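The values are calculated or read from the model by the stated rules, or taken from the named source; none is laboratory data. Predicted model, so just to flag it, every value in this text is computed and none were measured. For neighbour counting, all protein chains shown are included, and Cβ atoms are generated from backbone atoms with ideal geometry for every residue, glycine included. Surface accessibility is based on the protein's heavy atoms, side chains included, excluding ligands, DNA and RNA. Shrake-Rupley method; radii C 1.70, N 1.55, O 1.52, S 1.80 Å.
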Amino acid sequence: QVQLVESGGRLVQAGGSLRLSCAASERYPMGWFRQAPGNERQFVAAINWSGGRTDYADSVKGRFTISRDNAGNTVYLHMNTLKPEDTAVYYCAATTLSSSYYYIRVHEYDYWGQGTQVTVSS
């Protein structure tokens with residue numbers, strides 16, 4: 001069983017920055033998703049096993065960056081120019097699908113963290 005532990009979520013003012021971390025017990029292609037109250041869980045960013053391939057939701061392109069620690073199993077989500085609409089619980093996820101690719105759909109992921117709350121005030 002893969003263990004995923006997110007951290008870094010907190011209250012921040014609009015225009016500010018945050019870095020979320022996800023410590024995994026094993027190395028897999030990973031993704032970040034978010035879920036606001038009353039909404040479905042939505043894709044934010046994804047990265048393949050090596051870290052050489054990434055993808056982003058249109059709503060965060062140019063503001064968020066996903067990266068991973070090549071020496072370990074930690075994945076990061078660097079969030080800049082935060083907006084109130086970024087407020088959500090952020091989840092990291094791991095998939096056992098092919099390590100060469102990244103994945104953007106909820107059903108493609110096998111393991112999920114407990115989530116970390118990000119709140120952006122206006």
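Between Ile104 and Arg10, the FRET efficiency estimated from the beta carbon spacing at R0 = 30 angstrom works out to 0.70. Taken along the Cα-to-beta-carbon direction at a fixed 7 Å, the label points for Asp69 and Thr81 span 2.9 nm. Restricting the trypsin sites (Lys or Arg not before Pro) of the stretch 53-90 to loop positions (DSSP other than H, G, I, E, B) with no more than 14 neighbouring Cβ atoms within 10 Å leaves Arg53, Lys61.
Filter the GluC sites (Glu not before Pro) in the stretch 1-50 to those in DSSP coil with at most 10 other Cβ atoms within 10 Å of their Cβ, and list the result. List each step's numbers first, then the result.
Numbers: sites: Glu6, Glu26, Glu40; in loops: Glu26, Glu40.
Here the sparse-neighbourhood loop sites are Glu40.
Note on the stretch 1-86: with neighbouring protein chains present and a 1.4 Å probe, carbon and sulfur make up 43 percent of its accessible heavy-atom surface.
Rounded to whole Å, the principal axis extents of the Cα atoms in the chain read 40, 27, 23, largest first. The charge dipole of the chain, taken about the Cα centre with unit charges on the Cβ atoms of Lys, Arg (+1) and Asp, Glu (-1), comes to about 240 debye, rounded to the nearest 20.
Solvent-accessible surface of the stretch 28-122, averaged per residue with a 1.4 angstrom probe and all protein chains in place: 49 square angstrom.
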